[in-house]
Every structure is written in C-alpha cells, then in structure tokens.
Amino acid sequence: MKRLHAILAVCGLTILLYPAEFLRADSPDEVKMRSFRLSYGATLSGLPEGADVRIWLPVPPSGEFQTVRRCGWQLPAEPRLSIEPKYGNQILYFETKGPESGQLSFTTPYQISRKEVRALQTSAKPKLSGKQRELFLAPNAKVPLTGKPNQLLNGLKLPKDPLSLGRLLYDRVDEHVRYDKSQPGYGSGDVLWVCDSRTGNCTDFHSLFISFSRSQGIPARFEIGFPLPPKRGRGKISGYHCWAYFYVDDRGWVPVDVSEADKQPELKDYYFGNLTENRVTFSVGRDIELLPRQAGPPLNYFVYPYVEVDGKSLPKEQIHLALSYRDAL
C-alpha cells in the first residue's frame with residue numbers, strides 16, 4: 001500500500017482505495033476497476049500584454065461509473081466552479097490579463113477511480129424525465145434527424161424492440177463508417193459529412209449513431225473524455241475519446257463505442273452495452289453554452305480548454321495541451 005499512501009500525500013485528500021484484486025479483475029464476470037491520477041492542463045501562447053483573457057475548463061464529474069477528487073488546482077487567478085443547466089456539466093472559469101511574457105499556464109490534477117460499464121448485466125434502471133427525453137431526442141447543429149442519414153436505413157427491417165433496434169443501428173454505423181482520420185473534415189461530428197465520406201473518428205461514428213437513434217424515437221446522448229492505455233503505468237494522453245448511450249425504458253442507458261468496435265472487430269459484441277474502465281468522462285452533450293456565457297457560438301463539444309482573448313476565441317494552435325496519467329497500482 002506504500003504507493004497508494006504516496007498519492008494521498010500528494011493530493012492531500014481522502015480517496016477511494018480499492019484492493020488490487022478489484023482493480024484488475026481476472027474473471028470475465030467481474031466488473032473491472034482502475035484508479036489513477038490525471039493531470040489536465042495547458043500553456044497559452046501569443047497572448048497580448050494586458051488583454052482580457054477568459055478561460056473555461058471542463059471538470060470531470062463523479063457519478064455511477066467514476067469517482068473524482070480534486071488534487072489542488074494550479075491556476076493564475078481565482079476560479080469559479082459552475083454547473084451549466086442544459087446537461088449538468090461542471091465548468092471551471094477564471095479570467096486574468098495577458099502577461100508580459102505572452103504565456104499563461106495552468107494545471108488541474110485529479111484522482112479518479114473508474115469502473116467498467118456493464119449496462120446489460122445491471123439491474124439499475126434510471127428513469128428519464130420528460131425534459132431529459134425531449135433533450136436527448138432533439139437534433140443538434142451537426143446532428144440532423146431527417147434527410148441523408150435516414151436514407152442509410154432504407155430497406156432495413158427495423159425491429160420494434162428498442163434494444164434490438166439499437167444493435168441494428170450500431171451495426172449499420174459500423175458497416176457504413178471506417179475509422180480513418182486522413183480526410184479533412186473528420187472529428188467535428190458532422191453527420192452529413194460522415195454520410196458522404198464514410199470515414200471519421202469517434203466523434204463522427206457516434207454522431208451518426210445518435211442521429212439514427214433519435215430519428216427512431218430513441219433518446220441518445222453524446223459523452224466525451226479521455227482514453228487511457230489498457231496497460232497500467234504512466235504516460236501522456238494524446239487526444240480525446242468519445243462514445244454514446246441510448247435509452248431503453250426497461251433497461252436504462254445502454255452505452256456503445258462503435259469506433260473502438262471498428263478498430264477492434266473481435267470486441268464488437270463487447271462494445272455494445274459495455275465500456276472498458278480505461279477512460280474518464282469529462283462532459284456530456286453538444287452545442288454547449290458555457291457559464292458565464294462565452295462571446296462566441298455554442299461549443300460543438302467541450303473537452304479541451306476554451307479561451308477568449310478580448311472577446312475572440314483563441315486559436316487552438318495557441319493552446320498547448322498537457323495531459324498525463326499515472327496509475328495508482
């Protein structure tokens with residue numbers, strides 16, 4: 001237990017500790033767990049001296065499948081933590097002036113315990129409110145529910161059972177889209193682009209799945225965060241990962257990770273209804289309005305820092321991310 005106690009000393013917080021046998025379950029019937037420290041930060045460059053700099057960061061939430069503890073934020077100004085009302089995402093906000101150096105850095109470390117999602121084996125059936133159902137049946141700016149995506153379902157016999165229908169839609173996305181980031185335009189989750197290109201990354205796969213589901217009257221939600229390599233250890237995180245959930249009245253929220261299924265065909269059955277513990281959720285939803293409200297348009301999704309300088313969005317080329325993880329065991 002010496003390594004766990006070392007992490008406690010760094011964080012200065014009480015965290016959930018799991019015995020090793022629960023963190024690395026050997027039986028396929030056991031739910032796997034993972035405990036790790038995640039450092040989320042960035043350095044901003046090219047800031048005009050004296051400019052008004054506003055910074056919004058997503059904060060990973062605690063919930064059914066993950067427990068999150070803050071480990072001492074290192075920020076250049078006093079922050080404000082808010083929860084936006086549409087999706088319930090946590091937002092960390094602070095503002096400052098552009099320094100003489102033109103650079104500004106910040107770090108937000110967390111201790112996270114993540115649990116594997118086994119939705120088809122659980123008895124939990126969370127109820128969906130009328131407001132939530134309406135929200136997760138509505139289109140998004142880049143996720144239409146009519147027209148071109150629906151044409152991809154022509155000729156298919158669609159089951160009436162929502163779970164069976166969800167599986168058919170999952171298979172249809174995997175058939176139509178290939179994981180390929182070589183074409184300009186990937187990664188924005190633009191369903192019409194995905195229909196035509198037939199390629200994309202996780203955002204593109206799951207946007208099409210959500211479009212299919214909502215068009216058939218099945219509530220579906222977008223969830224985004226970061227992946228961790230399956231092998232325990234430490235290292236840098238190069239980019240985000242996202243997945244989707246669809247709602248079945250007698251089962252609750254059922255996850256799908258179609259892009260991982262496309263990359264690992266041998267795990268296609270697993271990724272319908274299950275998610276590995278090798279990830280962390282940061283936010284839910286699309287077309288996000290921040291708190292306090294940003295000057296720019298709603299965010300397509302919210303996983304990286306969003307920065308405005310004198311009321312204008314800072315280009316991503318000036319936001320140098322610093323993301324890393326370190327397993328507790």
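Filtering 178, 198 for residues that are under 21 Å from residue 260 (Cα atoms), without any contact (Cβ under 8 Å) to a residue 24 or more places away in the chain and either of a type in the set (Ser, Thr, Tyr) or surrounded by fewer than 18 Cβ atoms within 10 Å (Cβ to Cβ) (or both) leaves a single hit, 198. Just give me the residues in the range 86-101 being under 16 Å from residue 282 (Cα atoms) and not in a strand (DSSP E or B), in sequence order. Across the range 86-101, the qualifying residues are 86, 87, 88, 89. If you check 239, 235, 217 for being surrounded by fewer than 19 Cβ atoms within 10 Å (Cβ to Cβ), part of a strand (DSSP E or B) and not hydroxyl-bearing (Ser, Thr, Tyr), only one passes: 235. Residue 208 meets each of the listed conditions (1) in contact with a Ser or Thr (Cβ under 9 Å, 6 or more places away or on another chain); (2) crowded, with 22+ Cβ neighbours inside 10 Å; (3) not charged (D, E, K, R) apart from (1).
Which ones in the range 194-203 are within 21 Å of the chain's Cα centre (by Cα) and under 13 Å from residue 143 (Cα atoms)? Hits for the range 194-203 are 194, 203.
Each residue in the range 44-76 was checked for being assigned to a strand (DSSP E or B), surrounded by 13 or more Cβ atoms within 10 Å (Cβ to Cβ) and of a type outside the set (D, E, K, R), and 10 of them qualify. If you go through the range 250-303 and pick out every residue that is of a type in the set (Asp, Glu) and more than 17 Å from the chain's Cα centre (by Cα), you end up with 4. When 275, 267, 299 are checked against the criterion of being modelled with pLDDT of 95 or more and either farther than 30 Å from residue 81 by Cα or among the polar types (S, T, N, Q) (or both), a single residue qualifies: 267. I want to confirm something. Restricting to the range 83-102 and keeping residues that are more than 18 Å from the chain's Cα centre (by Cα) and among the small types (Gly, Ala, Ser), which single residue is surrounded by the most Cβ atoms within 10 Å (Cβ to Cβ)? This residue is 98.
The lone criterion from (1) in contact (Cβ under 8 Å) with a residue 40 or more places away in the chain; (2) closer than 30 Å to residue 307 by Cα; (3) assigned by TED's automatic domain parsing to the domain that holds residue 142 left unmet by residue 241 is number (1). Quick one: would you say residue 144 is surrounded by fewer than 20 Cβ atoms within 10 Å (Cβ to Cβ) and farther than 23 Å from residue 303 by Cα? No, not satisfied. In the set (1) assigned by TED's automatic domain parsing to the domain that holds residue 40; (2) out of contact with any Leu (no Cβ under 9 Å at 6 or more places or on another chain); (3) of a type in the set (Val, Ile, Thr), residue 309 fails one condition alone, (2).
The values are calculated or read from the model by the stated rules, or taken from the named source; none is laboratory data. Note that the structure is a prediction, hence the values are computed from the model and not measured. Quick reminder, even Gly has a Cβ in these numbers, built from the backbone with ideal geometry, and neighbours come from all protein chains shown.
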